[in-house]
Amino acid sequence: MKCQRCDKEAHFHITELTGPKPVEIHLCQDCVREYLSENPNEAVAAAGAAASLAQQMLQQMAVSQTAEELEKLDKLSCPVCGITYFQFRTQGRLGCAHDYTCFRKELENLLVHIHGENQHYGKRPSRPAKHSQLLTTLIRLRREMQQAIAEEKYELAGQIRDEIRHIENQVKNHPG
């Protein structure tokens, strides 16, 4: 069904009960915002319930907007390990150290919501891990190997496997 104010698709169907007969109004998301910002005072004068309905509709629109933003956010992915924000939300685990940079804004909001702070005030390791860069490389190589196998590039997958084994031996022989 088309919006009564423009030619977009109508997503909101409102039945006004303020007059002698019910009036149906079909509006798109943009026009319903205008309609609700024009009419809340008239709605209060006509019936108190209509104002609360307008508030509920505005809340629903905010929720749908949030859902759209979350859908976009879920598609973000780390260029190093390939994990998406959706995978992080469902599994509760990040894929590599670069995810903290990739999802920084979202993680800061999450930390503030959970802990009330986004700054760490506890113990820290006395020295950084020696092999963190090698471990990050391992994560990237494993993803590349899986991709090569999926694309049936077995020779490339074998080379990547050998490189992974070499790095794993480096980490094993020199613990950090």
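Observations on the structure shown:
- The residues listed here are L156, L76; of these, the one that is within 30 Å of Q29 (Cβ to Cβ) and free of Cβ contacts under 8 Å to residues at least 60 places away in the same chain is L76.
- Filtered residue count, region 73-101, keeping only those that are of a type in the set (V, I, T) and either more than 15 Å from L141 (Cα to Cα) or open to solvent by 70 Å² or more (accessible area, probe 1.4 Å) (or both): 3
- Residue in region 112-123 that is under 16 Å from the mean Cα position of the chain (by Cα) and not in a helix (DSSP H, G or I) present: no
Yes/no per residue for (1) open to solvent by 100 Å² or more (accessible area, probe 1.4 Å); (2) at pLDDT 80 or above:
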site	(1), (2)
G122	no, no
P128	yes, no
T136	no, yes
M145	no, yes
E151	no, yes
I160	no, yes
G176	no, no
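The values are calculated or read from the model by the stated rules, or taken from the named source; none is laboratory data. What you are looking at is a predicted structure, and each value in this text was computed from that prediction instead of being measured. Note that we place each Cβ from the backbone using ideal geometry, even for glycine, and neighbour counts take in every protein chain shown. Remember, those area values only see protein heavy atoms, side chains included, never the ligands or the DNA or RNA. Shrake-Rupley method; radii C 1.70, N 1.55, O 1.52, S 1.80 Å.
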